[in-house]
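> One structure follows; several queries about it will come next.
The values are calculated or read from the model by the stated rules, or taken from the named source; none is laboratory data. All values derive from a computational prediction rather than experimental measurement. Here the Cβ is made from the backbone with ideal geometry for all residues, glycine too, and neighbour counts use every protein chain on show.
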Amino acid sequence: MTLNDLPAPAKLNLFLHVVGRRPDGYHLLQSVFVLVDWADTLHLTRRADGHIARHDLTAALPADDLCLRAARALQAASGTAWGVDIAIDKQVPWGAGLGGGSSDAATVLLGLNRLWGLDWPRARLLELGLTLGADVPFFLFGRNALVQGVGEQLTALDVPPQWFAVVKPPAPLPTAQIFQSPLLVRDTKPVIVTGSLATHHALEHLMTEAGIAPRNDLQGAAQALCPDVAQVARWLQDRYGNSRMTGSGSAVFASLGTEGPLAPELPAAQLALASALPTGWVGRLCRSWSGHPLHGWAG
């Protein structure tokens, strides 16, 4: 009847390249998506009356968010008579490029697939997820991945465990405006991937051989629309020696290296980051995950 404490983790784009554009206007991307432990928590309760409702436990979400659209889409596609109450503890900032809404939708699909007794295979969920948003298939896929096309081409990658400082300024960024910007770089040379590609290190080697520098092609356009992005990037660069916007922003992250050195000092490091943030900024230290906690919920 009820599934409690279902995680919906955020993601970071270690790089994001726009490598072309389809005739229908959709941009073609290459990116590495990595799951991190900044997550929303969802609770699903089955209803016999077919009604679908959402209950916001923390931040108020838009009236018709991706959670509700995902539930309605799965209900319509499956023909089930069941409904659901979705309670959500929202922790991942929206308008940040962290994929929070898409992750919530994926967790709803994975949870309802079990709660409603549908037993859909992952491939079928992926098809439905792509109709909801370009990032939804990644969270359904459930592994760190090289993501290509418009989000539907997913190649699992082993990415070394690592820590990131992730910071978001107050302003959100609408993705549509960035992709319409004349400042958007749309012609980055794609990485040609042939055969098997098991690790992020192997991908980095291919990029080095091809002379392709990892970056976020959306960052210039984003900074023109939202100068706060540039301010956060400089702040992280000064503090940690590197920075890059994730997704379409406005969150920016800095890589802090592999998992081991920071783990014993995490509470103090979290406190130091939080106390140093300018007013209105939100941020935390995040650990990468090798896979989605609900990966085994679809075959």
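> Looking only at the range 6-53, filter to residues that are within 19 Å of VAL185 (Cα to Cα) and among the small types (Gly, Ala, Ser); which one of those is modelled with the lowest pLDDT?
GLY25
> Here's a follow-up. Can you pull out every residue in the range 211-229 that is assigned to a loop (DSSP other than H, G, I, E, B) and either touching a residue at least 12 places away in the same chain (Cβ under 8 Å) or not aliphatic (A, V, I, L, M) (or both)?
GLY211, ILE212, PRO214, ARG215, ASP217, LEU218, CYS226
> Before we move on, is ASP217 surrounded by 14 or more Cβ atoms within 10 Å (Cβ to Cβ), assigned by TED's automatic domain parsing to the domain that holds ILE178 and of a type in the set (Asp, Glu)?
yes
> Another one. Looking at ASP64 and the list (1) modelled with pLDDT of 95 or more; (2) of a type in the set (Asp, Glu); (3) within 21 Å of the chain's Cα centre (by Cα), which single condition is not satisfied?
Failed condition: (1).
> Now, a different point. How many residues does the range 69-114 hold that are assigned to a strand (DSSP E or B) and more than 30 Å from ASP228 (Cα to Cα)?
Step one: of the range 69-114, the residues assigned to a strand (DSSP E or B) are 83-89.
Still in the list and also more than 30 Å from ASP228 (Cα to Cα): 83-87.
Of the residues in the range 69-114, 5 are assigned to a strand (DSSP E or B) and more than 30 Å from ASP228 (Cα to Cα).
> Scan the range 97-104 and give yes if some residue there is of a type in the set (Ser, Thr, Tyr), in the same structural domain as HIS51 (by TED's automatic domain parsing), surrounded by fewer than 24 Cβ atoms within 10 Å (Cβ to Cβ) and over 15 Å from ALA53 (Cα atoms), otherwise no.
Checking the range 97-104: not a single residue is of a type in the set (Ser, Thr, Tyr), in the same structural domain as HIS51 (by TED's automatic domain parsing), surrounded by fewer than 24 Cβ atoms within 10 Å (Cβ to Cβ) and over 15 Å from ALA53 (Cα atoms).
> Look at GLN153 and say whether it is surrounded by fewer than 24 Cβ atoms within 10 Å (Cβ to Cβ), within 30 Å of THR258 (Cβ to Cβ) and without any contact (Cβ under 8 Å) to a residue 12 or more places away in the chain.
It is true that GLN153 is surrounded by fewer than 24 Cβ atoms within 10 Å (Cβ to Cβ), within 30 Å of THR258 (Cβ to Cβ) and without any contact (Cβ under 8 Å) to a residue 12 or more places away in the chain.
> Please enumerate the residues belonging to the range 249-277 that are modelled with pLDDT under 95 and either closer than 30 Å to ALA176 by Cα or in contact with a His (Cβ under 8 Å, 6 or more places away or on another chain) (or both).
GLY249, SER255
> Filter the strands (runs of 3 or more DSSP E) completely within the range 126-192 down to those with at least 1 residues that are charged (D, E, K, R).
So the answer is 162-168.
> Turning to a different aspect of this structure: Among the residues of the range 47-64, are any on the phi < 0 side of the Ramachandran plot, free of Cβ contacts under 8 Å to residues at least 40 places away in the same chain, in a helix (DSSP H, G or I) and out of contact with any strand residue (DSSP E or B) (no Cβ under 6 Å at 6 or more places or on another chain)?
No, the conditions are met nowhere in the range 47-64.
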